[in-house]
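A quick write-up on the structure given underneath.
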Amino acid sequence: MAREEELHKGLSDAVVDMDEDLARELAQAVVDEGFDAYEAIEKGLSAGMEEVGRLYEEEEYFIPELLLCSDAMYAGIEILRPHIKKREDSVRHTVVIGVVEGDTHDIGKNLVKIMLESAGFDVVDLGRDIPAAEFVRAAEEHHAEIIALATLMTTAMPAMREVLEVLEKEAKRGNFKVVVGGGPISPAFAEKIGADVYAVNAAEAARLARELVA
């Protein structure tokens, strides 16, 4: 295994094992050895968090573990973030992002935000448990091109549909691209509610966002 891959695997494992110190140490090694910081987040920390999400869904991990894993992820991100080579486009594009009403889990959303900012977007983060109308109001106010909706809870999925319904009702659906993602979301659900795209993870969300504004 190449050294860079070894570091990515180590970062992923550090997140799953809730090891903040190791995450910091390996993130610093990525920087010191001149490897790509964005890739280390995507293929290391983010990959680890996806595995944590799977363990959470299968009830092997619970909220306390989830929080400790996210602490390890953020410890690594803190070191890597200043070293991300930003994509500087001549035109800045804006994304409004938030966790939909009925859900307060924001780890995934926070990771997507970091990836979007790294990809050169201006990101307006509304936070969590956000009502449908608030997404639409914020997108208009900030002249956003994309609305990104997240949830980790099956019970909050109808709130995603509600955002699309508000856009349709106010005849504004054509003004914004809508990206959805999170544990229980699927491409079929995204299509059913009329979203533009489904993102399987944070790195994919950033890639798709770039395609949507291209």
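The values are calculated or read from the model by the stated rules, or taken from the named source; none is laboratory data. Nothing here was measured: the structure is a model prediction, and the numbers come from that model. Every residue, glycine among them, receives a Cβ derived from its backbone with ideal geometry; neighbour counts consider all protein chains shown.
Looking across region 15-24, just one residue is farther than 15 Å from Leu67 by Cβ and of a type outside the set (D, E, K, R), and that is Leu22.
I want to confirm something. Restricting to region 18-37 and keeping residues that are outside any helix (DSSP H, G or I) and closer than 15 Å to Glu78 by Cα, which single residue is farthest from the chain's Cα centre (by Cα)? Taking the candidates together, the pick is Asp19.
Scoring Ala159 on the criteria (1) farther than 30 Å from Ala27 by Cα; (2) buried (at least 20 other Cβ atoms within 10 Å of the Cβ); (3) in contact with a Leu (Cβ under 7 Å, 6 or more places away or on another chain) leaves a single failure, condition (3).
For region 169-182, filtered to residues that are closer than 16 Å to Gly98 by Cβ and part of a loop (DSSP other than H, G, I, E, B), the residue that is modelled with the highest pLDDT is Phe176. Listed by first and then second residue, the pairs linking a residue in region 123-140 that is free of Cβ contacts under 8 Å to residues at least 24 places away in the same chain and outside the structural domain of Glu170 (by TED's automatic domain parsing) to a residue that is surrounded by fewer than 19 Cβ atoms within 10 Å (Cβ to Cβ) and assigned to a helix (DSSP H, G or I), with Cβ atoms under 9 Å apart and 6 or more places separating them unless they lie on different chains, form an empty list. Taking Ala148 as meeting all but one of (1) under 20 Å from Arg81 (Cα atoms); (2) within 12 Å of the chain's Cα centre (by Cα), write down the number of the exception. So Ala148 meets the others, but not (1).
Give the residue that is surrounded by the most Cβ atoms within 10 Å (Cβ to Cβ), with candidates limited to residues of region 47-71 that are within 12 Å of Ser12 (Cα to Cα) and modelled with pLDDT of 85 or more. Spell out how you get there, then give the answer.
In the first step, residues of region 47-71 are kept if they are within 12 Å of Ser12 (Cα to Cα); the result is 47-52, 69-70.
Okay, now just the ones that are also modelled with pLDDT of 85 or more, so 47-48, 51, 69-70.
On the way: Ala47: 20, Gly48: 25, Glu51: 15, Cys69: 27, Ser70: 22.
It comes out as Cys69.
Taking every residue in region 184-198 that is assigned to a loop (DSSP other than H, G, I, E, B) and pairing it with any residue that is among the basic types (Lys, Arg), at least 6 positions away or on another chain, the pairs with Cβ-Cβ distances below 6 Å are Asp196/Lys177. Just to be sure, is Phe189 over 28 Å from Glu57 (Cα atoms), among the aromatic types (Phe, Trp, Tyr) and assigned by TED's automatic domain parsing to the domain that holds Lys109? Taking the combined requirement at face value, the residue does not satisfy it.
Are any residues in region 82-97 farther than 15 Å from Asn201 by Cα and either crowded, with 23+ Cβ neighbours inside 10 Å or at pLDDT below 90 (or both), and if so, which ones?
Ile84, Lys85, Lys86, Arg87, Glu88, Asp89, Ser90, Val91, Arg92, Val95, Val96
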